[in-house]
Each structure stands twice: as C-alpha cells, then as structure tokens.
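Read-outs throughout are calculated quantities, based only on the coordinates presented, and are distinct from any laboratory measurement. Note that this is a predicted model, so its numbers are computed, not measured. Cβ atoms come from the backbone with ideal geometry, glycine included; neighbour counts cover every protein chain shown.
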Amino acid sequence: MNVAAATQKIGLDVPVMVAFGCIIVILLAGSLYSPEFLSLDYLLQQLQVGAFLGIIASGAMMVILLGHIDLSIPWTVTLGAMMATALGGWIGPAGVWLAIPFGVLCGAFIGVLNGLGVAYLRLPSMIFTLGMNAVVQGLMVLHTGGFAPQDHATDAMHFLAVKRSILGIPNALFVWLFVGLIVIFLLRRTAFGRAVYAIGNRESVAYLSGINTNAVLIGCFAFCGACAAFAGVLLAGYSTKAYQAMGDPYLLPAIAAVVLGGTNILGGRGNYLGTIAGVILITLLQSILSVMQMPEAGRQVIYGSVIIGMLLLYGRGARTRS
Amino acid sequence: MSDWRYHISHNLGTLTAVGLFAVMFTIYISNHEAGLTPAVATTAANKAVLLALVAMAQTIPVLTRGLDLSVGSVFVLANCLASAIVVGTIGQGLLGCVAVLLLGIVCGFVNGAIVVWGRLQPIITTLATGAIFYGIALWIRPTPGGDVQYDIADFVAGQLFGVVPTALVVLLLVVLLVWIPYRSSPLGRGAYAVGSNEQAAYMSGVPVEKAKIAAYTLAGFLASLGGLILTFNTYSGEASAAIGGTYTLNSIAAVVIGGTSLFGGWGSAIGSIFGAFVLRTIEDLLFVFDLPPLWQPLFQGVVLLVAISLGAIRVFRIRNRLELFT
C-alpha cells in the first residue's frame, strides 16, 4: 500500500496535517519560553483537561456533520452535572451507582427534544437549540433555587475525572478514548455513519435514497446531548461539585475544535482524527496563553486570530461561479 | 392575487410581530400601576431600542443567508470605546460618537471582507472575530467604568418635547434614513437576491461580493449605534462577555420572531424591530405580574421556545415533502 492510500485510510488529509503541524509549532514555541512545555507531565495534564472538551466536541461533531449545530451544549453540560450530583440526595445510596448513567440520560433526553424540533418541526437547529438552552437554564435555576448547590460529586465521578489508575495516565483520557472509539465506529463501520454523511451532503437525496433521515437527526442530537451531559458529569467530578453556568466556557471551543479539525461547518465532510487535533490545539493554545500570563484581552484576540488564520490556510469555500 | 392581499402575505411575518407586540404591550400597560406615562414609555423604549438596533444589525447578514455572531461583541466594543472617548464638550462628544460608529463600520467591514474574500463560513468567521472584538473591548476597559458626555446622554436617553422618548425617534430615523434607502438600493436588492439564490444572483449580474460586504458593514454600523446608545443609558462602559452573548442570541431570536427567514432572501429589519420589542415586553410582563424570580428564567425560556416554534406552521402548508428539506 502506498503512502497516499494509507493516509487516506486513517483520514490524515490536509486540514488534519496542518492542525497537527500547528500543535507541534505551538509546543516548540512554548518550549522556547519554558522547557516545561515538552515534559511528559505537562502534556498528560493538558490531555486530561482536553478530555472534557474532547468529549463535548465528539457530540458536537456528529451534529455538525449533519449540517446542523447544537447551541444547547452549555446548559446541557450543567444539567448533566447537576442531575448526577443531585440524584444521591433524591434516592439515597442507590444514587451513587446510578448517578453517572442518570446524568447522561438526562442529557440524551434534551438531545432527543432538540432532534424532534429539528426533524419534525423543521426549525433551524441554531434557533431551536438556542431556545432549548434557555429552557434548560430556567429548569436548572429553578432546581438549584438560584444558588450553587451543595451536592457533591460521587467517588465514581472523581475517579473518572481526576485519578490516574494505569501507568500514570489520567482516567479522563481513557474515557475520551472510549467515546472517541464509539464515534469512529459509528462513522466508519455502520450504515448510520454513512447516513450522517449523506444527510450532511444533501438531506433530500438521502431521504429519496430511503434513509430514515428524521431518525438519524434525532439519534445524532441525542448523542450530542449525552456527550455534553457526560462531560458535565466528569467536570463535576473534576471540581468536586456542580455549579451554575459551568458549561458556558465550552460551547465555542468545542465548535472551534471541530471546525479547525477540518469538519465542514455545513456538514457532510470531516473525520474524527481532525477533531482530536482540533481539541488538542485549542487546549494547548488556551494553556500556553495562560501560562505566559497573557491578559484576557490579548488571549481573546490571539484565540480569534488563530482560528481565522488557520481556516484561511485550508478551510476556504468555493468561489461563486456559473 | 390582488395587490393588497399580496402585500399582506408578503409582510405576514412583520404584521404578526406587530400584532403580538401590540397585544403584549397593552396587557403590560393596563397592569402597570402608573399607566402609560412618558417616564414609563421612555424606560421601556430605552431598553427596547438597544435590542432593536442589534436585531436590525443581525437581520441584514441573515437576509444574505449569512449570520453575524459578532453583533453582541461589536455592541460591547462600541459601549467600551464610547465610555472612553465620548467625553469633554458637546463638540468633542459628537466627534467621539462619529469615531465609535466608524469603528463599528470597520468591524463590520472586516467580517464582510473575511467572508467574501477569505471565503470562510459566516458562522465561524464571526464567532472568531467576535472573540477578537471582545478582546479589544476588554483591552480598552479592563474593569467596568468610564464616563460619557452628560448633555448628549441625557438628550438621547430622555424625551423630545417632554413626551416622545428620544431613543424611539433615533430608531425611526435609522429606519427612514438607513434601512428604507438601503432596501431599495442595488446593494439591498442584491442582499435579498444573494440570500434567495447566490448562483442565480451571480448569473443575473448582481454585485454579489459588494452586496455581502455592504451587508456585514451595515450590521457593524447598526450594532455600534446600539452600543453607543447603551453608553448614554448607563453612563459607563463594561466589557462583559455575558452582555455580548445575550444580545447576539436575542438578536437571532428577534429576527426569527420578526418573520425573517434564517435561510435568507426573505424578511425585513422592521419585523426584527418588533421582534425585539416582543422579547423586551416579555421581560416587562414578568415584572408587572410579579412572578417569583426563580421562575422567571424558565418562563422566559419557554416563551422563547414557543415563539420560535411558531415557525413550524410552514410544515403544515407544504404539499410536496421534498420542500421540507430546503
């Protein structure tokens, strides 16, 4: 097998290679500032932090591949965290075991509602998920009584999010690996995955080809909601409790990570390797800017400029022609 | 179809928003203990005009089948800059106002240039430029504060002849002097044409690139005008990501409630103004009906979701299922 075919097979196309190239450039630039940036310990810590973003981005990618977008991610993250931590208080000791599945299930439920709105009401996903985000926010404000709740994360959440069980590798990384493998399997080995790409390219054609497009839409939104809630559960484990608006800083980085990884924001094109690269890129960028004690103002400007700059390198659309 | 029926069906979205607003505002006023006094009207108008301007800004890129997620950031950036340079004598203050609006135009032009010449998707472009504009706002004003020229501020936030809220007059002037001329200009017609079918517009000789750049530039101008008026209301500047995000998201909701299609080519900024008024009146209604504060976010969210779900009515009018997918 020649090199081109091999890279094609694992999805190493131009955007992905540019993204990985940028990761190396960032690390080298960082190491000029401090050799710490190339230490194994620092890299593992970044991957642990990046795992939360990675899980959210996995779900966001499934929806973006359809040509849709999920703006309800921020409060679905918070919902997952709050429901999982609150369950113990509601049903007693059994809640310890059910906490994580319950949180994920709540997120999936919101995702199904999003999917129903987009599939059957045919509302633009951008506006429907936006409304859903406001509704979930309202529910969570009501749930906590307007204050940060005192519910604490269970040991299992803490174990998954913070502990390092095998060879000093953070458990969160294994969780991301697990979610990532599910996405790769779905996209590459199942009819569902082919349907996702088909709908992203042209939904009417997918429909005429006999694909149950509405079921695929609902499935992807449910997966996205579940991923967001799962990340919320882990974040609650990471910071030992759930609090209001904990998901707000994750929406834009998740979308940016997916798009920087070469997934077309209009759907139909993209692979998971790119999303991994995008997540690591965003995480490293955020980390290095904060280590360099760049003020927030400069961070935002650099953050936005890097996204524009990278997309100008490889994300340009076609010219309008006859 | 006779002429007036055509006009009604063409402007149905706007008319629905106007009707919704009229009903809600009547309920609000009849339950307000003071009734419709100039002071009550001015307070309501000052809040509503801010969102109305940002919603108008959002409408124009949406008409071209684009989107501007940076309107909130431009709004905040204009607020921060105005709190720094609209000071001194009235003359200096007015010069500062011009500078703030120029900055908004530049921000909008940058968006348009990246979308047209850089050929990037509007969503992701304006997401990124939004971060940049917010960063600049934070650089101008790291902590909330600043000042504003009081004479201009009191004039704009007050009433004309002691009756009419000046902010409403400003909004009316924007509609008459900016929106209506723009709408009937080649650039405005081009924006509708591009939104409806870019290829066909290109083939018909519509200046596609110019129309798109003009749309984003005008959006930047209107958003910065909103930010300027915010400064006149608050007498200070604040670089708050939350304010920017709320205004961006509410502007999209206002556009949808005002009957503009997110798929482009259909709608009007006047509808968006009333969409914004509807959203603001919802908040005021919660206030006069004394809903427990804890329930307010949920109630607002549900009303928002129901309002945008009204757009699903078109599903029931479609005869050919394939039309669902456009």
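Some observations on this one:
- In percent, rounded to a whole number, the relative contact order of segment B:3-325 is 35, using alpha-carbon pairs under 8 Å and six or more apart.
- Only Lys, Arg, Asp and Glu carry charge here, each on its Cβ (+1 for the first two, -1 for the last two); on that basis segment B:198-326 has a dipole of about 520 debye about its Cα centre.
- Cleavage-rule hits (chymotrypsin sites (Phe, Trp or Tyr not before Pro)) in segment A:91-195: DSSP loop, at most 14 neighbouring Cβ within 10 angstrom: A:Tyr120, A:Phe147
- Between A:Met292 and A:Ile182, the simple label model (points 7 Å from Cα in the Cβ direction) yields a spacing of 3.7 nm.
- Candidates B:Gly311, B:Leu279, B:Trp295 compared by Cα position along the dipole of segment B:276-322: farthest toward the positive end lies B:Gly311, with charges placed on Cβ.
- Counting every other Cβ atom within 10 Å of each residue's Cβ, B:Val18, A:Val233, B:Val169 order from fewest to most as B:Val169, B:Val18, A:Val233.
- Net dipole in debye of the protein assembly as shown [+1 Lys, Arg Cβ; -1 Asp, Glu Cβ; about Cα centre; nearest 20]: 2020
- Going from the residue with the fewest nearby Cβ atoms within 10 Å to the one with the most, B:Tyr6, B:Tyr216, B:Tyr182, B:Tyr150 rank B:Tyr6, B:Tyr150, B:Tyr182, B:Tyr216.
- The equivalent ellipsoid that matches the C-alpha gyration tensor of segment B:9-117 spans semi-axes of 31, 25, 9 angstrom, in descending order.
- Long-range HN-HN contacts of A:His152 with modeled amide H, under 5 Å: none
- Once Rg and the Kirkwood radius are both taken over the C-alpha atoms of segment A:126-220, their ratio Rg/Rh works out to 1.13.
- Whole-number percent relative contact order across segment A:207-300, with pairs defined as alpha carbons under 8 Å at least 6 apart: 15
- Helical contribution to [θ] at 222 nm, DSSP H n ≥ 4, -39,500 (n - 2.57), averaged over chain B, rounded to 500: -23500 deg cm²/dmol
- Here B:Phe75, A:Phe37 are placed in order of increasing Cβ neighbour count within 10 Å, fewest first, which gives A:Phe37, B:Phe75.
- Placing unit charges on the Cβ atoms of the charged side chains and taking the dipole of chain A about its Cα centre, the candidate lying farthest along the positive direction among A:Ile211, A:Gln48, A:Ala228 is A:Ile211.
- With contacts taken as Cα pairs under 8 Å at a separation of at least 6 residues, segment B:1-128 carries a relative contact order of 19 percent.
- Whether segment B:3-325 is rounded, prolate or oblate, judged on the alpha carbon gyration tensor where a/c under 1.5 counts as rounded: oblate
- Prolate/oblate/rounded call for segment A:19-67, Cα gyration tensor, a/c under 1.5 rounded: oblate
- Rounded if a/c under 1.5, otherwise prolate or oblate - the protein assembly as shown, Cα gyration tensor axes: rounded
- Residues of type aspartates and glutamates that A:Lys163 reaches as a straight line, Cα spacing below 15 Å, ignoring anything fewer than 8 places off in the same chain: A:Asp41, A:Asp155
- For segment B:200-210, Karplus couplings with θ = phi - 60° (6.51, -1.76, 1.60), whole Hz, Gly/Pro x: 5, 4, 4, 5, 8, x, 5, x, 4, 5, 4
- For B:Leu160, the residues 5 or more places off, or on other chains, whose built amide H falls under 5 Å of its own are B:Thr166.
- Each of B:Leu322, B:Leu103, B:Phe133 was placed along the dipole of segment B:3-325 (beta-carbon charges, centred on the mean Cα), and the one lying farthest toward the positive end is B:Leu322.
- Total charge dipole magnitude, segment A:52-302, about the Cα centre, Cβ charges on Lys, Arg, Asp, Glu only, Debye to nearest 20: 540
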